[in-house]
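Read the structure below first, then the notes.
The values are calculated or read from the model by the stated rules, or taken from the named source; none is laboratory data. Computed from a prediction, not measured in an experiment: that's the story for all the values here. Because the Cβ atoms are built from the backbone with ideal geometry, glycine has one as well, and the counts that use them run over all protein chains shown.
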Amino acid sequence: MQNKYKYLIFDLDGTLLDTDLYVVSNYAHLFLKYKPHEMKRLADMIYYSGPTLDEVFEREFPNVSKEKLFEDFVEYSLKYSNSLSTMYNGERECLDELLRLGYKMSVCTSKRVDAVLNNFKHFDMNKYFDYIIGFDSVTKHKPDPECILNCIEKYGCETDGVLYIGDSYSDIIASHRAHVDCMLVNWGLKKIDLECKPTYIVESYDEIRKMLCK
């Protein structure tokens, strides 16, 4: 497999960083402020990781100003997004090896680019990635393939040399629509319907390393 792919495109939340605790706590603080008697269950809020802020705000807080919600969300994020997030076991070793072997790596995420840069500075991850395609980099968001196609255009590569790596249904559908192979990281709390047919399924960064660094 090492020789098949040269370009790896990663999702962020739930793939490069374990942000489940941070995402849930940020939305919980919004519910406490704006809908204190309608708090969601953990099993529901875990699925807020993946969709854009606009999508969640429209669905859960239709009567609250988006500008105010965004302000509150960002303020909480600046305080806690790094301290409530972690890298995964074996991830640093895997990324180091992928970089050493010459893989070109990028990020496609529903987060804004400045938020990603904040995370990457804290976790010393900038050195691994050539491009960051965030919420504010595209006009259409996953499961639309625009972010993946944007990366492919920047690299000037063919789709058969690209592998997309993500943790959600929208990640897999976006990769299908971009006509690239996809790897589902199946280690999170979210349950993914495998009918979306990922090309590969892995349970750890050790598995990714074994598959791509042979």
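Does MET45 satisfy the condition of being of a type in the set (A, V, I, L, M) and assigned to a loop (DSSP other than H, G, I, E, B)? Spelling it out, it is not the case that MET45 is of a type in the set (A, V, I, L, M) and assigned to a loop (DSSP other than H, G, I, E, B).
Residues checked against (1) over 15 Å from LEU30 (Cα atoms); (2) buried (at least 16 other Cβ atoms within 10 Å of the Cβ); (3) charged (D, E, K, R); (4) outside the structural domain of PRO36 (by TED's automatic domain parsing):
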position	(1), (2), (3), (4)
PHE57	no, yes, no, no
GLU67	no, no, yes, no
ARG100	yes, no, yes, yes
TYR103	yes, yes, no, yes
SER106	yes, yes, no, yes
THR109	yes, yes, no, yes
ALA115	yes, yes, no, yes
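Taken together, the residues in region 1-57 that are closer than 14 Å to SER110 by Cα and touching a strand residue (DSSP E or B) at 6+ places or on another chain (Cβ under 8 Å) amount to 12.
Checking each residue in region 4-23 for being out of contact with any Lys or Arg (no Cβ under 9 Å at 6 or more places or on another chain) and over 22 Å from TYR131 (Cβ atoms) picks out ASP18, LEU21, TYR22, VAL23. Scanning region 54-95 for residues being hydrophobic (A, V, I, L, M, F, W, C) and closer than 21 Å to VAL185 by Cα gives a total of 4. Here ASP136 meets the list (1) assigned to a helix (DSSP H, G or I); (2) modelled with pLDDT of 95 or more almost entirely, failing just condition (2).
A search for C-beta distances below 7 Å between a residue of region 186-214 that is closer than 24 Å to LEU99 by Cβ and free of Cβ contacts under 8 Å to residues at least 40 places away in the same chain and any residue that is among the aromatic types (Phe, Trp, Tyr) and not in a helix (DSSP H, G or I), counting only pairs 6+ apart in sequence or on different chains, returns GLU203/TRP187.
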